1. Quick one: is residue 110 out of contact with any Ser or Thr (no Cβ under 9 Å at 6 or more places or on another chain) and surrounded by 12 or more Cβ atoms within 10 Å (Cβ to Cβ)?
2. For residue 128, are the conditions met, namely being hydrophobic (A, V, I, L, M, F, W, C), within 30 Å of residue 22 (Cα to Cα) and touching a strand residue (DSSP E or B) at 6+ places or on another chain (Cβ under 8 Å)?
3. Testing residue 134 on (1) outside any loop (DSSP other than H, G, I, E, B); (2) of a type outside the set (Ser, Thr, Tyr); (3) more than 15 Å from residue 154 (Cβ to Cβ); (4) over 23 Å from the mean Cα position of the chain (by Cα), one condition comes back false. Which one is that?
4. When you scan region 23-41, do you find a residue that is in contact (Cβ under 8 Å) with a residue 40 or more places away in the chain, surrounded by 10 or more Cβ atoms within 10 Å (Cβ to Cβ) and not assigned by TED's automatic domain parsing to the domain that holds residue 119, even just one?
5. What's the number of the only condition in (1) under 20 Å from residue 67 (Cβ atoms); (2) of a type outside the set (S, T, N, Q); (3) surrounded by 13 or more Cβ atoms within 10 Å (Cβ to Cβ) that residue 122 fails to meet?
6. Here are some residues: 72, 82, 101. Which one is among the polar types (S, T, N, Q), surrounded by 16 or more Cβ atoms within 10 Å (Cβ to Cβ) and over 20 Å from residue 59 (Cα atoms)?
7. Just to verify a result, which residue in region 45-103, among those that are of a type in the set (Ser, Thr, Tyr) and not in a loop (DSSP other than H, G, I, E, B), is farthest from residue 135 (Cα to Cα)?
8. Report whether or not residue 91 is among the hydrophobic types (A, V, I, L, M, F, W, C) and out of contact with any Leu (no Cβ under 6 Å at 6 or more places or on another chain).
Amino acid sequence: MRIFVSEDQAGHILEDPNWNAKPEQFDRELLRLKKLVSGYSYDGEQTGYAAMEKWLDYHRQHAFTPIKVDPQTFDAYIGQYQFADGRLFTASREGSRLFLQERGETRVELFAESSVRFFSKMVDAELMFVTSSDGRVTQMEIYQGGQTLVAKKIK
């Protein structure tokens, strides 16, 4: 909003910085732009760029890379899982792809991080299938927003 007020005062449109620039280039770009315009500091753009870089750095460090897993591994995970609050999720397999769907919601594809840990590209969540000592899958744990949600396998 501030840039529009400054554009009104200046009587012309202010030039935008190159948002794709590397941090040191972006700083030089802002210095160049400040020299062209009197009365506009580009502080909002600097703050916005810094926030964007911080967000990108965090997500680059925490990015998941899917691995190939034998699709037959998924067969043990197929079934229904119920949370303590009654919500019901169904794990299903379609060829070499594994899906999870909450009743009444959109089906979400899961990508393997290991043979038991998965992540979604649609939802910011990870999940793990937990087995008992005899190798049977007994529950699913979903890790989302700093919480661990446990669903028992019921079918």
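The values are calculated or read from the model by the stated rules, or taken from the named source; none is laboratory data. It should be emphasised that the depicted structure is a prediction, and the values quoted were computed from it without experimental measurement. Quick reminder, even Gly has a Cβ in these numbers, built from the backbone with ideal geometry, and neighbours come from all protein chains shown.
1. no
2. Answer is no for this residue.
3. (1)
4. Scanning region 23-41 turns up no residue that is in contact (Cβ under 8 Å) with a residue 40 or more places away in the chain, surrounded by 10 or more Cβ atoms within 10 Å (Cβ to Cβ) and not assigned by TED's automatic domain parsing to the domain that holds residue 119.
5. (3)
6. So the residue among 72, 82, 101 that is among the polar types (S, T, N, Q), surrounded by 16 or more Cβ atoms within 10 Å (Cβ to Cβ) and over 20 Å from residue 59 (Cα atoms) is 82.
7. 47
8. Answer is no for this residue.
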